[in-house]
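Since the structure comes first, as structure tokens, the remarks are kept for the end.
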Amino acid sequence: MIITFVREPRGRYHSTFTRPDGAVLKLQGGSYNKLGGGVRVPHDIAHVLCEQAFGLQRGLWGTLAAGGLVQNAKFVGGKKPPHAEKKAWAITDAAGETLRQSEVVVRAVVDALLEGAPIRTGERWAVPITREAFELVGAQLRNAAARWDQTPEGGTLAMTWSSRAS
């Protein structure tokens, strides 16, 4: 699934994507995660990278790709399935703890990067976080932040969400 992040005025952003079922959604973003050294990355981009790196298949993007909805997401085009909203919220409810845990993992990763400290690895999380995966996602987050910094207002940055198991 291709996710297109759009840079809006005054530091805002949103993303649009077409789910595998043909529905087109818009997710209004706006918050950023600081990575240290004045570097920051849009929070929803941090979700893409962290969830893929750690195999959180029912985090934010996995839930959205599977047909779920979250607070700032809405249908904007394409094929809207019958009873879409009711089914979408059921999918989101079923993602439950993994969806919540994805928020915790993203926050822990970016906080560790901000502090320049290693993250606590192991079984604490919904999925184990290895030092290697943490270092890789740290580099990916800094790269994405640099690419976002180069994106002009009204410009876009495309990323891919894959539902493959890690």
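Taking the range 120-166 as the search range and keeping residues that are of a type in the set (A, V, I, L, M) and assigned to a helix (DSSP H, G or I), which one is modelled with the lowest pLDDT?
Kept after step one, since they are of a type in the set (A, V, I, L, M), are these residues of the range 120-166: 126-127, 129, 133, 136-137, 139, 141, 144-146, 157-159, 165.
Imposing the further condition that a residue be assigned to a helix (DSSP H, G or I) reduces the set to 133, 136-137, 139, 141, 144-146.
Numbers: A133: 87, L136: 93, V137: 94, A139: 95, L141: 97, A144: 97, A145: 97, A146: 97.
Across the range 120-166, the extreme among qualifying residues is A133.
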Practice prompt. Identify all residues within the range 77-104 that are touching a strand residue (DSSP E or B) at 6+ places or on another chain (Cβ under 9 Å), surrounded by 13 or more Cβ atoms within 10 Å (Cβ to Cβ) and not small (G, A, S); write none if there are none.
Written response: K80, P81
Worksheet item: K80 versus (1) more than 26 Å from E8 (Cβ to Cβ); (2) among the basic types (K, R); (3) not in a helix (DSSP H, G or I): which is the lone unmet condition?
Response: (1)
Worksheet item: Looking at the range 52-110, which of its residues are over 18 Å from A133 (Cβ atoms) and of a type in the set (S, T, N, Q)?
Response: T63, Q71, N72, T92
Worksheet item: Out of the range 26-50, which residues are more than 21 Å from K74 (Cα to Cα) and within 8 Å of the chain's Cα centre (by Cα)?
Response: L49, C50
Practice prompt. Confirm whether A65 is farther than 28 Å from G36 by Cα, in contact (Cβ under 8 Å) with a residue 24 or more places away in the chain, buried (at least 16 other Cβ atoms within 10 Å of the Cβ) and not acidic (D, E).
Written response: yes
Practice prompt. Give, as residue ranges, the strands (runs of 3 or more DSSP E) completely inside the range 20-61 that count at least 3 residues that are modelled with pLDDT of 90 or more and farther than 27 Å from H83 by Cα.
Written response: 32-36, 39-42
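Regarding Q57, is this residue surrounded by fewer than 15 Cβ atoms within 10 Å (Cβ to Cβ), out of contact with any Gly (no Cβ under 9 Å at 6 or more places or on another chain) and touching a residue at least 12 places away in the same chain (Cβ under 8 Å)?
Answer is no for this residue.
The values are calculated or read from the model by the stated rules, or taken from the named source; none is laboratory data. Model, not experiment: these values are computed from the prediction. As a convention, Cβ positions derive from the backbone with ideal geometry for all residues, glycine included, and neighbour counts pool all protein chains shown.
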